[in-house]
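Scroll down for the structure; my scribbles are underneath it.
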């Protein structure tokens with residue numbers, strides 16, 4: 001890789017599926033293939049997560065509680081979200097495939113499907129769009145907070161928030177891995193550069209500082225969440 005090239009970010013896939021067994025199977029296999037996977041189990045939840053952006057591909061079941069895959073796809077396209085969508089469905093009628101494609105889906109796979117075929121379809125769709133890099137997203141908003149990664153600036157309610165270099169690095173790592181449960185060990189290694197096995201409460205202290213500065217109610221955070229027994233995650 002050239003010295004000035006930006007490393008590609010791990011592709012993020014949103015799986016919108018209400019069948020628990022299939023969710024578990026697909027999420028595990030996709031993670032093993034090197035994808036960062038986030039799940040939603042109904043149409044409304046899927047719409048909210050997909051609308052927040054940051055995904056490279058959406059795997060979308062047609063038959064969902066609350067909001068069908070067809071309608072979810074239509075709403076995303078109407079909102080200008082062009083993330084590739086691969087529809088998964090037990091329906092085999094040609095008319096259903098036509099409806100799915102007309103609402104904006106990029107591809108269509110009928111259940112039951114072969115896992116290797118699904119992986120091949122995913123790879124084909126991802127090749128159509130340029131890979132995201134660490135600098136692809138220059139700004140990110142959550143609540144009243146805006147983070148400008150290019151300038152390394154943070155605003156809340158339009159006013160600058162002063163963060164230390166380590167606080168900023170921690171916030172950036174949390175945002176770039178939003179939705180994922182991150183252990184204290186991972187944060188210590190990736191943000192602080194500590195060796196595995198290091199014991200320190202510095203992660204908890206810095207998380208508390210970030211909450212004080214960015215959350216509306218630090219005692220009941222909405223974004224920087226605790227994962228009991230593991231560490232923390234940034235709400236997607």
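When you check residue 228 against the structure, is it loosely packed, with under 12 Cβ neighbours inside 10 Å, at pLDDT below 90 and on the phi < 0 side of the Ramachandran plot, yes or no?
It is true that residue 228 is loosely packed, with under 12 Cβ neighbours inside 10 Å, at pLDDT below 90 and on the phi < 0 side of the Ramachandran plot.
On the stretch given as region 219-233, residues that are assigned to a loop (DSSP other than H, G, I, E, B) and touching a helix residue (DSSP H, G or I) at 6+ places or on another chain (Cβ under 9 Å) total 4. Kindly indicate whether any position in region 86-105 is within 18 Å of the chain's Cα centre (by Cα) and either surrounded by fewer than 22 Cβ atoms within 10 Å (Cβ to Cβ) or at pLDDT below 85 (or both). So far as region 86-105 goes, yes, one or more of its residues are within 18 Å of the chain's Cα centre (by Cα) and either surrounded by fewer than 22 Cβ atoms within 10 Å (Cβ to Cβ) or at pLDDT below 85 (or both). Here is the figure for region 43-67: residues that are part of a loop (DSSP other than H, G, I, E, B) and crowded, with 16+ Cβ neighbours inside 10 Å total 7.
So, residue 119, is that one part of a helix (DSSP H, G or I), surrounded by fewer than 16 Cβ atoms within 10 Å (Cβ to Cβ), modelled with pLDDT under 85 and outside the structural domain of residue 213 (by TED's automatic domain parsing) or not? For residue 119, the condition - part of a helix (DSSP H, G or I), surrounded by fewer than 16 Cβ atoms within 10 Å (Cβ to Cβ), modelled with pLDDT under 85 and outside the structural domain of residue 213 (by TED's automatic domain parsing) - is not met.
Which of the following residues is touching a helix residue (DSSP H, G or I) at 6+ places or on another chain (Cβ under 8 Å), at pLDDT below 85 and closer than 30 Å to residue 109 by Cα: 134, 236, 152?
Numbers: 134 fails: closer than 30 Å to residue 109 by Cα; 152 fails: closer than 30 Å to residue 109 by Cα.
Criteria check complete, one pass: 236.
Candidates 166, 141, 172: the one that is over 19 Å from the mean Cα position of the chain (by Cα), at pLDDT 85 or above, over 27 Å from residue 29 (Cβ atoms) and not in a loop (DSSP other than H, G, I, E, B) is 166.
The values are calculated or read from the model by the stated rules, or taken from the named source; none is laboratory data. Predicted model, so just to flag it, every value in this text is computed and none were measured. No Cβ is skipped: glycine too gets one built from the backbone with ideal geometry, and neighbour counts run over all protein chains shown.
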